[in-house]
Amino acid sequence: MEISRIGYFKEHYIVDKSANVQIILTKKIIGMTPVSVAGKLSQFDGELAKGKFTGMDSYSRHSSLQRIPGSLIKSYGGMAGITNVSMDGGQPIHTKIVLNGIDLTNPQNGQTDLSDIPNELMQQLYLGRSPNLYFGSGSFDGVVHIRPMINRSFLKLGAGSFGYQSGSAGYNWTLPRTKVHVQYGKNMSTGDYPITQGDSTITRRNNNFSQNFFLGQLHFQTNHQQLLKGLVFSSNQDRGVAGNLSWPSPKAHRENKINLIGLQYVYLTRRGHVRLHSYQRFSDEHYQDPDLGTNSYHQVNVSGVTINGQQNFNDYLELNGIIDLKRESIESTDMGNQIRTTMASGIQAAVRFISWLQIQPGYRIDMLGDFQGKTYDLTSSMNSSIPGKLILSFGTGFHAPTFNDLYWPADSYSEGNPDLKIERNQYQIIRWENNFRSKTNFSIEYRKRHSHNLITWSADENYIWKPQNIDESERKNMIMSVSIPTRFAGLSISGHVTHTKAIDMNTRKTLQYVPESSANILIDYARENFALEFQGQYTGKRTYQGYNKIWEPVNLTLNRFFDVNIGLHCIFPLGAQQLTVHFIIQNVLDQNTAFFPGYPEPGRRIKLGIELGF
């Protein structure tokens, strides 16, 4: 008997009995001519820029966010303090944070508290500079996308200064056409750290922080055209609220949780795709301060459906379209029950007239309850291998009032304003970039933004704080970025320098807390089983309004500082697994890195971690 099969050597057997015979064929390598697969990138230009991830980022969200050119991290002190990020000298309400396509913005205050998102999830960061087509209100300064990795199995433990402890584990199942990833972790800190106040050193108390979280991700490909993606995320925080140095709150306490659920269906066509995304964001916050008799809760729910598609008609024309339906609601001891619905649609085209010139116009309209917002943008790019790439962009954006702005109840100190208007914004961007034949990536960018009807909480003639459309501002940024790839025996260098001029057009004064200059540098040296990282963040002088001894308003200045972090990572192979030991020093120079003067940050900190990857 002759047994033959393609890919195996032939075998001959003489069957002399009727019993079962087991036949094993030996594999044979079949030579073939090369198979080339060619594809084309989307014509849409400059939508997302990926940020580099380092070993230090697992222990500090500041380090990864600081590497985004133009970013400002606004923290209220330590792990327990609220943490926001803004871009180009703007406010946090003008920058969105998105986790796997789900907007994390809290419609109560228009912000995202990054202390609710564990560092373990911030493994891939992408920045969108002109994302108004997809996100509408509150996105005209940019969108930071967080995309947790799905193909990691690990066990991680860490400890450090001021009672810091962390532990997390993740496991990944890979099946035919299916990937499943689950992750659970816990982070905690006693948080009490020494600070300098006047001529004495005191301990800042009531900074305890405890967080536990769960993440589940699913990728299921039914066939070569259909893909199903799911996300479940939940985090619970229990923290002390230390308050301002001038008005401390030694007994204040806050518990909050945030839950996310998302399901995406993607259908691929020959020249594009259609995506259906259903999502829900739920948060629950409980705040207590027995000294003031405060006992409040806020439950916020956002649910929506987004349909977007992309179609490439030929080499010269491509279209994007989006329809977004969303419902926002709040149940609050302060504002009662409030509901707002949003309906939005937008379209964007990419037109390539010749190989090196492309025009990209876009338009979107939003109906947010009683408000209407219209945005447009136009981007042109000219690309050539020798002079590099030149991008010109201009457009508009807007921000709708939040639930707090509209419905905060009237009391002896504050009051909402139901008559507020939408904030408006216009921007112009010029960017030149060149990779100098892959030797050095260099870019220089000029951004100009003019905003009016800005919503600002200020005291009226009766000393009642309420929001008003009174501010108008102009921001100008010059940003230079450089990245030298790994070419010198494992050494790579990257960084950026930002110069900002941000003016309040009413007072002709610099916007508060905005540094005129800032810079970041990352030096990364890696060998086979060893990595050393050095990151420095320079923040220039910032002005703000304070009060003198007789409570007269005066202009004050915060000193410049240089925040240095160092990370050392050693890898030890363990058969098919590997063990990584992390040693990290944060704020090496032990400088005052507080963003707000009344909310000091901890000084020098040391963290040690081990991670088993398998």
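Taken together, the values in this text are just the output of simple stated rules run on the coordinates, not laboratory data. Just so it is clear, the model here is predicted, and its values are computed rather than measured. Note that we place each Cβ from the backbone using ideal geometry, even for glycine, and neighbour counts take in every protein chain shown.
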Restricting attention to the alpha-carbon atoms of segment 471-581, what are Rg (one decimal) and Dmax (integer), both in Å? 21.1, 70
Show that you can apply the helix-only estimate: for the chain, add -39,500 (n - 2.57) for every DSSP H stretch of four or more residues, divide by all residues, and state [θ] at 222 nm to the nearest 500. -500 deg cm²/dmol
Which distance in nm do the two modelled labels at Ile523 and Tyr265 give, with both placed 7 Å along the Cα-to-Cβ direction? 5.4 nm
Can you spot the lysines whose alpha carbon is less than 17 Å from Lys257's alpha carbon? Ignore those fewer than 8 places along the same chain. Lys186
Average Cα contact separation per residue, segment 475-614, under 8 Å, 6 or more apart, as relative contact order %: 15 percent
Segment 376-516: Kirkwood hydrodynamic radius (Cα pairs, Å) comes out at 18.3 Å
All-pairs alpha carbon distance profile, segment 183-248, 5 Å steps from 0, percent: 4, 13, 15, 12, 11, 9, 9, 7, 6, 5, 4, 3, 2, 1
Stretched out fully, how many nm does the piece from Ile606 to Gln165 gain, at 0.36 nm a residue minus the Cα gap? 157.6 nm
Calculate the translational D of segment 131-286 in whole µm² s⁻¹ from Stokes-Einstein, where the hydrodynamic radius comes from the Kirkwood formula applied to all Cα pairs, the temperature is 20 °C and the viscosity 1.002 mPa s. 111 µm²/s
Under Stokes-Einstein, with the Kirkwood radius over Cα pairs standing in for Rh, what whole-number D in µm²/s applies to the chain at 25 °C and 0.890 mPa s? 91 µm²/s
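Rank these for me by crowding, Arg527, Arg605, going from fewest to most other beta carbons within 10 Å.
Arg527, Arg605
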Cα Rg over Rh - segment 51-139, Kirkwood: 0.92
Take every Cα pair under 8 Å in segment 357-464 that's 6+ residues apart, average their separations, divide by the length, and report that relative contact order as a whole percent. 20 percent
Please state the equivalent ellipsoid semi-axes for segment 339-445: what are the square roots of 5 times the Cα gyration tensor eigenvalues, largest first, in whole Å? 41, 18, 9
18 Å tail of the calculated P(r), segment 542-609, as % of Cα pairs: 59 percent
So for the pair Leu556, Leu155, with labels modelled 7 Å out along Cα→Cβ, what separation do we get in nm? 5.0 nm
Would you mind getting me the FRET efficiency between Trp356 and Ser296? Use the beta-carbon distance for r and R0 = 56 Å, nearest 0.05. 0.45
Given a cut-off of under 8 Å on Cα pairs at least six residues apart, what relative contact order in percent is computed for segment 213-325? 19 percent
So, with points 7 Å from each Cα along the Cβ direction, the Asp370-Ile566 label distance in nm works out to 5.9 nm
Under 12 Å from the Tyr316 label point (7 Å along Cα→beta-carbon), backbone N, segment 338-352: 351-352
Please give the length that would be gained between His499 and Ser438 if that part of the chain were fully extended, namely 0.36 nm times their separation in residues minus their C-alpha to C-alpha distance (nm, one decimal). 19.3 nm
19 Å cut-off, amide nitrogen to a point 7 angstrom out along Ser458 Cα→Cβ, residues in segment 521-559: 543-548, 552-556
In whole Å, what three semi-axes, largest first, describe the equivalent ellipsoid of segment 94-137 built from its Cα gyration tensor (square root of 5 times each eigenvalue)? 18, 15, 8
